[in-house]
1. Multiplying the sequence separation of Thr76 and His196 by 0.36 nm and subtracting their Cα-Cα distance, what value in nm do you get?
2. Stretched out fully, how many nm does the piece from Thr289 to Ser203 gain, at 0.36 nm a residue minus the Cα gap?
3. Hey, what's the Kirkwood Rh for region 225-327 if you take every pair of different alpha carbons, in angstrom?
4. Can you tell me which of 80-90, 309-319 comes out highest on packing, and rank the rest after it, using the mean Cβ neighbours within 10 Å?
5. Place +1 on the Cβ of every Lys and Arg and -1 on the Cβ of every Asp and Glu in the chain, take the dipole about the Cα centre, and give the residue among Gly271, Asn14, Ile318 whose Cα lies farthest towards its positive end.
6. Can you give me the angle between helix 22-33 and the longest principal axis of the chain, using Cα atoms only, in degrees from 0 to 90, rounded to the nearest 10?
7. Can I get the semi-axes of region 196-276's equivalent ellipsoid? Compute them from the C-alpha gyration tensor as square roots of 5 times the eigenvalues, in angstrom, largest first.
8. As a test of the formula, what do you get for the chain when each DSSP H run with n ≥ 4 contributes -39,500 (n - 2.57) and the sum is divided by the residue count, at 222 nm and rounded to the nearest 500 deg cm²/dmol?
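Rule-based calculations on the coordinates, nothing more; no lab input. The structure displayed is predicted, hence computed values, not measured ones. Ideal geometry is used to build each Cβ from the backbone, glycine not excepted, and the neighbour counts take in all protein chains shown.
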Amino acid sequence: MPTFDVSALKEKKNLLAFSAGVDSSALFFLLLENHVVFDIALVNYGTREESHEEETYAYALADKYHLKCYTIKAPTFTTHFEKNAREFRYNFFERLIEEHQYDNLLTAHQLNDQLEWLLMRLVRGAGTSELIGLEPKSQRKNYILVRPLLEWSKAELLEYLTKHSHHYFIDKSNTDEKYERNRFRKEFSDKLIEHHKEGIKRSFDYLRKDKESLEEGFIQIYEEDELRIIKLKNPSIKVKATDLTLKRLGYLLSASQRKEIEKEISLVIGGEWAVEFVLDTLYIAPFLTTNMPKKFKEKCRVLKIPHKIRVYCFEKRINIEKLASILG
């Protein structure tokens, strides 16, 4: 079986996204086995009979191993379940992280998930950075998202749980083919990993190295609250730089938005994010609208602060003189 790397987790405050399913249960017991300190958080969607049993089990596990357990009941999502459930889940986790000062959020994504992601984006058209969407570690606004199981296949996790007689639940919705991910899992990813697991692992290693080389084309030079300023070494990398920066801020671009970024130098993404390109510099901030004092607007003009980020600078009281001096 693959090794379990705990180097990013020791001496840190860790929160595990727990569902009581195969993947998160395996990660739970691997963390215990490797003496990693952590707490757990579970979202009860109430969509299955087992949902309440899983929540009860999470509390029982936490009590047995002296961990904190946080749970929340999700509202009923009548449309776009996967998207809405994901947003609700991560909003819950991020509130806990901010309130209790966790360093890492741990998720139990594994090799099959990684291949599903790649295949789903491959058929839509994607570049290297989008294909390798699941990273072992990803820096978010105020925490690090860690995925310790990306080297493990679903079969290996099941074998581990069975060998040690650890309990877990089976989520029957994972076989419901009305969800696109489940169709890709059944038709492609599970079969490919069953027969070509080691080659697929090596391919992901090579692709990550290629992605790192691509991302050397830009560097973040300024950060304050949710304002990001990035220097582009090559103008052709602007879509990639925008995509990765927004991803770290919790926003995923669509294919049509990437095309829009390719063509425009000043735009608003999804009504939420202001994106400005000035020569070799990329500015990203939440898009806000409000009346600003004339004096502040004039100062922004003189200091050449891009229009769409001015309101954010005003609302957050960002020192624009300091900002201008950093930009030279």
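1. The span from Thr76 to His196 would gain 39.3 nm if fully extended.
2. 26.4 nm
3. 14.0
4. Per-residue Cβ counts within 10 Å, averaged per peptide and sorted highest first, yield 309-319, 80-90.
5. It is Ile318.
6. Its long axis makes an angle of about 90 degrees.
7. 26, 15, 13
8. Dividing the helical sum by the residues of the chain leaves -14000 deg cm²/dmol.
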